[in-house]
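Read through the structure below, which is laid out as structure tokens, and then see the notes.
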Amino acid sequence: MAEITYEQRRGQIEDYFDRTATAAWAKLTSDAPVGRIRATVRAGRDQMRSTLLSWLPANLSGKRVLDAGCGTGAFAVEAARRGAEVVAIDLSPTLVSLARERLPAELTNRIDFRSGDMLSTELGSFDHVVAMDSVIHYSAKDAVDALAQLAQRTSGSIVFTFAPRTPLLAAMIAVGRLLPRGDRAPWLEPMAEEKIATLMKQHASLEDWSARRTLRVSSGFYKSQALELVRSCV
């Protein structure tokens, strides 16, 4: 089977989040009651969001932050509360509209919500980039290619998450593929941290970037690993 391209997978993701499972994600990212399995996913995402926030400066005043794959805007709101100027972008116009509806009035001028491709050069340059669960559906090569493009316009750090390559996660994905449902996200593409490091060496734009902190979150069906990339001179 031919490997799916970045553009093809991007289309699948947009279709899923904007048309197939909008209601499910709106509920998951709220405080509304959810089932046991989705409760573990919500808890895992909350823990991961807190982790990524803790890796950014406590004071972001004067800093420009890209929330790449912002969903309903929870991370963007927290970054703006620290003083950041946030550009929050997502493939799904529907989720972006929901993010705008949930935006606290006092932060209206601090977050620029957009729908589109997180790699667009029209977004400008940033001090920090956050990509929480934004590249987990892409191949390792495509994910690192995307990070390399973002690195060209980032001066400080890039913090992102990926699906760790573990036997347990592989088994869970296999079971999920046998039991398809209309509101299930596109397949995860597990990655090994060593593979990411190897692919990073192939990009000139990542020559002066290195990995620092890493942390894995495991909460029921939510399995994700965070990785912090920083410029060597930072």
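If you go through the range 105-138, how many residues are in contact with a Lys or Arg (Cβ under 8 Å, 6 or more places away or on another chain) and farther than 18 Å from Val230 by Cβ? Residues that pass the stated criteria total 9. The residues of the range 203-234 that are of a type in the set (A, V, I, L, M), in a strand (DSSP E or B) and either without any contact (Cβ under 8 Å) to a residue 40 or more places away in the chain or exposed (fewer than 13 other Cβ atoms within 10 Å of the Cβ) (or both) amount to a single one, Ala211.
Against the condition among the polar types (S, T, N, Q), under 30 Å from Ala84 (Cα atoms) and at pLDDT 95 or above, how does Ser155 come out, does it pass? When the stated conditions are applied, Ser155 passes them. Taken over the range 6-31, the criterion of being under 16 Å from Leu95 (Cβ atoms), over 15 Å from the mean Cα position of the chain (by Cα) and not in a helix (DSSP H, G or I) is satisfied by Ala21, Ser30.
Of the residues Val41, Val65, the single one that is buried (at least 16 other Cβ atoms within 10 Å of the Cβ), touching a Leu at 6+ places or on another chain (Cβ under 9 Å), of a type outside the set (Gly, Ala, Ser) and assigned to a helix (DSSP H, G or I) is Val41.
Contact map, the range 89-117: first residue over 17 Å from Val65 (Cα atoms) and at pLDDT below 95, second residue aromatic (Phe, Trp, Tyr) and buried (at least 18 other Cβ atoms within 10 Å of the Cβ), Cβ cut-off under 6 Å, separation 6 or more or different chains; pairs are Ser92/Phe17; Leu95/Phe17.
The values are calculated or read from the model by the stated rules, or taken from the named source; none is laboratory data. The structure presented is a predicted model; accordingly, all values stated were derived computationally and were not measured. Neighbour counts run over all protein chains shown; Cβ positions are idealised from the backbone, glycine included.
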